[in-house]
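So the structure is just underneath, and the comments pick up after that.
What follows draws every value from the coordinates through simple rules; no lab data is involved. The shown structure was predicted, so the numbers you read here are calculated from the model rather than taken from an experiment. Quick reminder, even Gly has a Cβ in these numbers, built from the backbone with ideal geometry, and neighbours come from all protein chains shown.
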Amino acid sequence: MNHGHQVIASDNLQSGHRESVHPQAIFEQGDLLDAEWLKHLFKRYPVDAVFHLAAESLIDLSIRDPGRFFRSNVSGGINLLDALVPAGVKRLIISSTAAVYGEPKHMPITEDHPLNPVNAYGESKLALEKMLGWYRRAHGINYISLRYFNACGASQRYGEFHVPETHIIPALFEVAMQQREAFQLFGTDFETSDGTCIRDYVHVTDIADAHVMALDNLNRIGARIYNLGNGKGYSNAQVIEIVEAVTGHKIKVIPRPRRPGDPAILVASSERIHKELGWQPRYPELEGMVESAWTWRKKHPRGYESKNMSSSQANGSTPPLDETRPK
Ligand SMILES: NC(=O)c1ccc[n+]([C@@H]2O[C@H](COP(=O)([O-])OP(=O)(O)OC[C@H]3O[C@@H](n4cnc5c(N)ncnc54)[C@H](O)[C@@H]3O)[C@@H](O)[C@H]2O)c1
């Protein structure tokens, strides 16, 4: 919108928040699995580009219920691609993930790293990426796939809030705000300097900038995949320390055994998008990302109104967490 575009946002609101849609955007509630609704949507609006972010994205759930992920992320993706064809939409930017790489073979992870997902979430995103090439060949749909590492942070207006909360930073905030009793730390015996696993964090507004750059350059580029990370890893113990420093609260931590499929270290090389599109994160350090998230959360202690029970209150207990996984 700040770039002069009219935005139509669409979500089935199974986990999204109506309040997180900018008031100047048109909102249409609907499900990617409803192919007819999607086709009708593109008949009602003259769309010239699509950002596809909707997904099932909880990794633990993807191990327990893979069908749900292949339905939403693959079948839903096919429905979307099939709706773009008659509508004549030739520009598509999708949210992909570090989970397409699986267990890292080298660090930092470049886009040409082998692709061996270790969960159905990563596999479903990889399948979607692969389909894009075929639709481009057959129907001329140009695309950019952005493989985010760990997204975090907030803008002044919008922040991160999930029910149940499975992301490390908002989960730590819930402990700081006494909405959750303790933080469960999965894995303290990794081969890292402090034994906790290491992840690469990228601020949500830097991700948004990358989307705008991708859109502006898409016709010139045609088809491309880019990692989005800062190239700097923070261990979970460091994240806890930073949250304690930013919030001024001591976090109670319960060590738990590590879970299968959690690599020790995931750090991105984002050299490709830096060189080709000039993307430069405005938040290179985690402290600034956490500060932005905390500023938003203090103003919205219960998150978004429509889902305003914290996860721990919702089920009366501390939920199983998935704080350390790439999405
Ligand atoms: N958050 C991260 O760290 C991270 C990392 C890598 C990739 N990603 C990807 O970025 C995108 C956004 O992630 P997020 O963290 O905001 O996830 P999220 O789960 O908060 O958002 C996904 C949205 O998709 C909607 N949705 C799900 N299935 C749908 C369907 N069938 N039809 C319509 N809407 C549907 C949900 O209601 C939700 O609003 C996802 O594609 C995710 O895989 C996120």
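Can you list residues whose amide H is under 5 Å from HIS52's amide H, if they're 5+ apart or on another chain and H is modeled 1.01 Å from N?
Placed amide hydrogens put ILE93, ILE94, SER95 under 5 Å from HIS52.
At q = 0.14, 0.17 Å⁻¹, what is the base-10 log of I(q)/I(0) for the stretch 102-246 according to the Debye formula with one equal point scatterer per Cα and no solvent? Please give it to two decimals.
Debye intensities relative to I(0), on a log10 scale: -0.85, -1.16.
Over all alpha-carbon pairs of the chain, lay out the pair-distance distribution in 20 Å bins, whole %, shortest bin first.
Taking all Cα pairs of the chain, the binned fractions are 31, 61, 8 percent.
Test of understanding: what is the full-extension gain from THR110 to ASN2, defined as 0.36 nm times their sequence separation minus their Cα-Cα distance? The partial results should precede the final answer.
Working: separation 108, 0.36 × 108 = 38.88 nm, distance 3.13 nm.
Additional length available on full extension: 35.8 nm.
Which Cα, out of GLY30, ALA138, ILE198, lies furthest along the positive dipole direction of the chain (beta carbon charges, K/R +1, D/E -1)?
My answer, from the dipole projection, is ALA138.
Return the lysines within reach of LYS250: Cα separation strictly under 28 angstrom, same-chain partners fewer than 8 residues apart disregarded; answer none if there are no such residues.
LYS232, LYS298, LYS299, LYS307, LYS327
Considering all projection directions equally, how large on average is the shadow of the alpha-carbon convex hull of the stretch 170-245, in square nanometres? If you can, show how the numbers build up before the last one.
Numbers: hull surface 28.3 nm².
Hull-based average projected area comes out at 7.1 nm².
Filter the DSSP H helices in the chain by two things, a Kyte-Doolittle mean of at least -1.0 and an axial alpha-carbon span of 15 angstrom or more, and list the hits by number.
Numbers: long enough: 76-87 (17 Å, 1.19); 120-139 (27 Å, -0.67); 204-221 (25 Å, 0.36); 236-247 (16 Å, 0.88); 286-299 (20 Å, -0.81).
Span-like helices here: 76-87, 120-139, 204-221, 236-247, 286-299.
Could you please tell me the mean projected area of the C-alpha convex hull for the stretch 191-283, averaged over all directions and given in square nanometres to one decimal? Please list the in-between numbers first.
On the way: hull surface 31.1 nm².
Answer in nm², one decimal: 7.8.
Could you rank the peptides 47-59, 6-18, 88-100 by their average count of other C-beta atoms within 10 Å per residue, with the highest value first? Before the final figure, lay out each step's value.
Numbers: 47-59: 19.6, 6-18: 15.8, 88-100: 22.0.
Ranking, from highest mean packing down: 88-100, 47-59, 6-18.
For the peptides 221-229, 63-71, what is the packing order when you average, over each peptide's residues, the other Cβ atoms within 10 Å and list the highest mean first? Each step should come with its number before you reach the end.
Values: 221-229: 20.3, 63-71: 15.4.
Per-residue Cβ counts within 10 Å, averaged per peptide and sorted highest first, yield 221-229, 63-71.
Between the stretch 228-307 and the stretch 108-153, how far is it from one alpha carbon centroid to the other, in angstrom?
Cα centroid of the stretch 228-307 versus Cα centroid of the stretch 108-153: 22 Å apart.
In debye, nearest 20, what is the charge dipole magnitude of the chain about its Cα centre with +1 on Lys and Arg Cβ and -1 on Asp and Glu Cβ, if you could check?
Numbers: 36 positive and 38 negative charges, 122 e Å.
Dipole magnitude for the chain comes out near 580 debye.
Quick one: what Rg and Dmax do you get for the stretch 1-97 from the alpha carbons, in Å?
In Å, with Rg to one decimal and Dmax whole: 13.8, 43.
Tell me, what ³J(HN,Hα) does each residue in the stretch 52-68 have, in order and in whole Hz, if you take phi through Karplus 6.51 cos²θ - 1.76 cosθ + 1.60 with θ = phi - 60° and put x for Gly and Pro?
Per residue, the Karplus-derived 3J(HN,Hα) values read 9, 10, 4, 5, 7, 9, 8, 4, 4, 5, 5, 6, 7, 9, x, x, 4 Hz.
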